[in-house]
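Worksheet for the structure shown next.
The values are calculated or read from the model by the stated rules, or taken from the named source; none is laboratory data. This is a predicted model, so every value here is computed, not measured. Here Cβ is always computed from backbone atoms with ideal geometry, including for glycine, and neighbour counts include all displayed protein chains.
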Amino acid sequence: MKDLLDLTLDEFKSELISQGESGFRAKQVFDWIYKGVFDYNDMKNIPQALKDKLKDGFKVGIPKVVEEYTSNDGTKKLLVSLEDGNLIECVIMKYIHGNTICISTQVGCRMGCKFCASTLGGVIRNITSGEMIGQILLAQNILGERISNVVLMGSGEPLDNFDNVMKFLELVNAEYGLNIGQRHITLSTCGIVPKIYELADKDLSITLAISLHAFSDEKRREIMPIANKYSIKEIMDACAYYIDKTNRRITFEYSLVKGVNDSKEDAKALASLLRGVLCHVNLIPVNEIKEKEYRKSSKEDIKAFEAILKSHGIEATVRREMGSDINAACGQLRRSYLETRNSN
Ligand code: SAH
């Protein structure tokens with residue numbers, strides 16, 4: 001059955017017209033859905049006959065909440081189930097400037113980054129654009145507030161699910177839909193170089209975030225298998241192309257792991273790699289996962305790392321650790337849920 005959340009307004013209109021319905025009904029139905037009303041029975045201005053037809057022909061693929069946790073800092077972590085029973089996570093963060101949601105783009109991930117819990121069981125399947133939209137609509141209903149920012153930083157590699165993510169970007173931005181501006185959307189990638197070029201050619205104004213985590217290929221290969229495929233030089237060239245095409249500042253994510261990539265020399269080398277690049281560095285104290293021995297850098301080392309970048313003129317901030325009391329790091333919640341269930 002087609003998911004209405006996968007369709008643009010024009011696509012839905014054509015569907016209705018081809019079934020002998022009036023095209024204007026499409027907008028009426030979308031207005032309800034994007035207002036948070038997902039049950040056709042509750043759509044007051046829709047005739048019963050059309051409601052029946054919709055029930056038979058189209059689903060509204062909102063995921064179901066399996067578990068919900070709220071952190072002391074207000075961050076909410078949702079474990080949700082998709083229609084086929086697959087579980088994914090999303091995180092809602094409340095900032096003064098609005099609500100941000102971190103959504104998943106794949107069930108699992110096949111990138112194999114050593115410190116990440118999402119990838120431990122490989123990838124199971126891609127998430128559809130409708131399922132990405134569904135995560136946001138669900139979150140808005142739970143919060144009772146609008147979501148204004150979206151980061152594609154949950155489980156999965158967005159550029160490994162390119163077509164669905166592109167469709168999602170169209171839908172999330174559409175005025176008839178969630179109407180979230182492209183500037184309020186961040187796509188994070190481990191660095192799939194050809195796809196970065198493809199993305200740049202779409203001329204969008206979303207923020208591109210690159211998970212760099214090391215200044216040299218040698219170091220990067222130790223923690224990120226994708227580094228065997230693409231070199232940092234190739235990534236930086238692709239970023240230069242992205243900046244040139246979009247005029248957007250790139251975010252480089254750098255998860256600080258004790259004794260692995262957090263020394264003063266690392267910071268200096270990173271600063272020289274990024275010299276002159278229109279960018280911002282997001283330093284993330286690594287979220288410790290029980291399956292791996294990686295440990296968080298000390299507060300002093302993190303501060304020193306940030307200070308070195310800044311002294312070299314590189315903009316850097318340390319990401320606030322939100323929701324760490326509720327297993328908010330990528331993939332942790334799903335894993336612990338599956339483990340508990342499997343051991344029962
Ligand atoms: N696949 C994409 C997006 C998902 S992960 C990517 O690689 O960018 C979002 C960010 O969280 C990435 O920078 C990722 O490297 C980082 N990350 C994953 N697990 C982490 C952990 N345990 N601690 C800190 N950062 C982590």
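Checking each residue in the range 203-225 for being near the ligand (Cβ under 8 Å from one of its atoms) and not in a loop (DSSP other than H, G, I, E, B) picks out A209, I210, S211.
Considering A214, A238, A200, A227, the condition of being touching a residue at least 12 places away in the same chain (Cβ under 8 Å) and surrounded by fewer than 21 Cβ atoms within 10 Å (Cβ to Cβ) is satisfied by A200 alone. Considering only residues of the range 84-129 that are buried (at least 23 other Cβ atoms within 10 Å of the Cβ) and farther than 28 Å from E293 by Cα, which is nearest to the chain's Cα centre (by Cα)? Checked the range 84-129; the qualifying residue nearest to the chain's Cα centre (by Cα) is I101.
When you check K290 against the structure, is it more than 25 Å from the chain's Cα centre (by Cα) and in the same structural domain as S336 (by TED's automatic domain parsing), yes or no?
No.
Tell me which residues, restricted to the range 9-27, are crowded, with 17+ Cβ neighbours inside 10 Å and not in a helix (DSSP H, G or I). Correct list: E21 only. When G156 is tested against the conditions (1) surrounded by fewer than 23 Cβ atoms within 10 Å (Cβ to Cβ); (2) within 16 Å of the ligand (Cβ to nearest atom); (3) on the phi > 0 side of the Ramachandran plot, the lone failure is (1). Within the range 168-191, does at least one residue satisfy the condition of being more than 12 Å from the ligand (Cβ to nearest atom), assigned to a helix (DSSP H, G or I) and within 21 Å of D237 (Cβ to Cβ)? No: the range 168-191 contains no residue that is more than 12 Å from the ligand (Cβ to nearest atom), assigned to a helix (DSSP H, G or I) and within 21 Å of D237 (Cβ to Cβ). All conditions in (1) under 18 Å from the mean Cα position of the chain (by Cα); (2) closer than 23 Å to D39 by Cβ hold for K55, with the sole exception of (1).
Out of N45, N41, N99, I need the residue that is of a type outside the set (D, E), more than 16 Å from the ligand (Cβ to nearest atom), over 29 Å from V257 (Cβ atoms) and in a strand (DSSP E or B). Which one? Spell out the reasoning first.
On the way: N45 fails: in a strand (DSSP E or B); N41 fails: in a strand (DSSP E or B).
When all the criteria are applied, what remains is N99.
Of all residues in the range 267-286, one or more are within 11 Å of the ligand (Cβ to nearest atom), part of a loop (DSSP other than H, G, I, E, B), surrounded by 16 or more Cβ atoms within 10 Å (Cβ to Cβ) and at pLDDT below 95. When R146, R125 are checked against the criterion of being assigned to a strand (DSSP E or B) and within 21 Å of L4 (Cα to Cα), R125 stands alone in meeting it. Output the residue which, of all residues in the range 302-317 that are of a type outside the set (G, A, S) and within 15 Å of H213 (Cβ to Cβ), is surrounded by the fewest Cβ atoms within 10 Å (Cβ to Cβ). Going through the qualifying residues, I end up with I302.
F168 falls short of the stated requirement of being over 24 Å from S211 (Cβ atoms) and either of a type outside the set (D, E, K, R) or surrounded by fewer than 17 Cβ atoms within 10 Å (Cβ to Cβ) (or both).
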